[in-house]
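Values quoted throughout were computed directly from the atomic coordinates according to the rules given, and no laboratory measurement underlies them. All figures in this text were calculated on a predicted structure; none of them were measured in a lab. Here the Cβ positions follow ideal geometry from the backbone for every residue, glycine too, while neighbour counts run over all protein chains shown.
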C-alpha cells in the first residue's frame, strides 16, 4: 500500500465536488461532466466505534460499504480506494488502500486498524483518535474528474497486540543476547497464544521477545517456573511507579526476571502468552555436549573435540603414548576407554569402565567418538597429509564450480597458504575436488562463522569414510562467511586443524 499525495479541499468533497465540476465545465473547462453530474458516492459504516483490543485483533470490526459511481459515458475504467486521515485533515497525506474496479465494500480487523493508526499516524498504545474514512473513485479518463465520497468519522483506540511471532533469547540459547539472532518459536496450531520449541539449550538464562527490534515487549519469568510475566516497557518512575520512556529521567527497571536453564541439554518448551503459562521439559538426545581427549599421547592435554549431534571428532598429533576420552575437562568422570587391550586401533568398541587406554604410535591422527547410547564407537585413523588443497565458494572466483576450485600453495610443514581477492560470501576448502561433493573437507567450526584474522580452529571431515555416515555427520556443511571484499591471506594447517583468514 502507498500514500496518496493530492491536494483536495474538504469543501470540494462528495456532492459539492460534483456540482463544482459541472459549474467549471459550463465555464469552458476541458474536463466535462454530463448534465446532472456524476453519481455521488455515499459511504456508510456499520459502526463508528469498533471494538479494538487483543481479543478482536484478528476479527472484522469495521465494515465500509458504498454505491458505485459511473464513468460518465467515457467508457473509462473506474477504480476505488479507501482513504484514511486524521479527522478534519485535508487528505493531502491520507493513507490509501487501493481496491481496484467494481469494489463497493471493505472490512477491517482490529489489528489492521491498529497498525494503520500506529505505523502511519504515529499514535501510541492507549491513544483514542478520530479518523476520517473516504472513498475515492479514480476515473481513467482525461475528460472527466474523479469522484470523492462523504466522510465517515470513526473513533479508534490504539492497543498493544498479542504476538503472532515469538522469539527466544538469552545465554541459554544459540543466539546469546544478540537481538538479530533471536531464535523463532513455532505457533501451536489451533491454540490462541500457544508457541513451542524443541532443541538444545546451554546452561544459562532465557526469556522471550515479540520482536527482534527491541527488548520490549517481552515475556519473562513470572511468580514461578510455570508462569510468564508480560513486560511492556523498560522503566518506571521510582516515586510514582508510572511509566518512564525517557532514560534521562529518574527511573528504575521494570521486573526482568529470566528462566534459568541449569544444565546443557535438549529441551522442549511449550508456552501460552494468553494464559501466561509455560513448561520447560528436558528431553532425550545426546548425553554429552562436550568431550576431551586426555593422555600421555598428547603434547598438551586435554584436547577439546568438536561436536555435532552424538559425534565428536578432532585431529591430534601423537608423540607416542596412550589416551582415553572424558566428558569432564578435569578428567574426573564420564570416561570412554578401549574395550580390549587398546593395542588394536581398528577395533572400534569402547567401554566406560575398562580403564584400558588406547596406545598410539607417533604421528598425526583423526580421532572420532560416537557417543549415542547403545551404539558407542571410536574411530582412530592415522592421517596422511594431503599434498593439495583448494578454495571453493561464492567468496572466491571459482564460485561453486568444484572442477575450478582455486589451488593453495603447499609448504613443507603440511601447511597451505593462499593470497588473493575474495568477495563477500561463503568459503570452504576441498582436499580432493571430489565431484560428488562427498570427499575430504576442511570447514568452519560453526556455520556462517566470520574469520577473526587470528588463528582459530577448523574442522576436518572425510565424507567418503563409512564412519562419517554411521555417525550421522555426512551432510555436515559449515562454511566461512567472508563479510567484505578485499585481499586476504589464508594459512591452513591441516595437521593441527588451525586456520588464519586475514584481510590485508
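Note on residue 44 and residue 124: with the Förster distance fixed at 45 Å, the Cβ-Cβ geometry gives a FRET efficiency of about 0.90.
Extending 7 Å from the Cα toward the beta-carbon at both residue 423 and residue 394 defines two label points whose distance is 1.0 nm. Reducing the range 362-437 and the range 48-93 to their Cα centroids gives an inter-centroid distance of 62 Å. From the Cα gyration tensor of the range 386-462, with a ≥ b ≥ c the square roots of its eigenvalues, which class applies: rounded if a/c is under 1.5, or else prolate if a/b is larger than b/c, or else oblate? Here the range 386-462 falls in the rounded category. Straightening the chain between residue 240 and residue 115 buys 41.9 nm, computed as 0.36 nm per residue apart minus the Cα-Cα spacing. Projecting label points 7 angstrom from Cα along Cα→Cβ for residue 86 and residue 186 puts them 4.6 nm apart. With helices as the sole contributors, the chain gives -1500 deg cm²/dmol at 222 nm; each DSSP H run of n ≥ 4 counts as -39500 (n - 2.57), and the sum is divided by every residue. Distances between every pair of Cα atoms in the range 465-504, grouped in 10 Å steps from 0 to the bin holding the largest one, split as 22, 34, 31, 13, 0 percent.
Remark: the chain is approximated by an ellipsoid whose semi-axes, taken from the C-alpha gyration tensor as √(5λ), come to 66, 31, 19 Å, largest first.
Going by the alpha-carbon gyration tensor, a ≥ b ≥ c the square roots of its eigenvalues, is the range 57-107 rounded (a/c under 1.5) or, if a/c is not under 1.5, prolate (a/b greater than b/c) versus oblate? Note, shape of the range 57-107 comes out oblate.
Remark: spin-label model distance residue 457-residue 334 equals 1.5 nm, labels positioned 7 Å along the Cα→Cβ axis. When 191, 497 are arranged by Cβ crowding within 10 Å, least crowded first, meaning fewest neighbours, the order is 191, 497. Cα centroid separation, the range 154-224 to the range 264-311: 22 Å. Ordered by the count of other Cβ atoms within 10 Å of each Cβ, fewest first, 300, 221 give 300, 221. Between helix 14-26 and the chain there is an angle of about 60 degrees, using the helix long axis and the longest principal axis of the Cα atoms.
Were the residues from residue 213 through residue 226 laid out at 0.36 nm apart, the gain over their Cα-Cα distance would be 2.0 nm.
Relative contact order of the range 167-282, taken over Cα pairs closer than 8 Å and 6 or more residues apart, is 27 percent. What shape does the range 167-282 have by the C-alpha gyration tensor, where a ≥ b ≥ c are the square roots of the eigenvalues, rounded means a/c under 1.5, and otherwise prolate means a/b greater than b/c and oblate the rest? Prolate, because a/c is 1.5 or more and a/b exceeds b/c.
Here 431, 396 are placed in order of increasing Cβ neighbour count within 10 Å, fewest first, which gives 431, 396.
Full extension of the chain between residue 434 and residue 93 gives 116.7 nm of extra length, using 0.36 nm per residue less the Cα-Cα distance. Averaging the sequence gap over all C-alpha pairs within less than 8 Å and six or more residues apart, then dividing by the number of residues, gives the range 269-381 a relative contact order of 24 percent. Working from Cα pairs under 8 Å separated by at least six residues, relative contact order for the chain is 8 percent. With the cut-off at under 14 Å, measuring from each backbone N in the range 275-309 to a point 7 Å along the Cα-to-Cβ line of residue 262 picks out 280-283.
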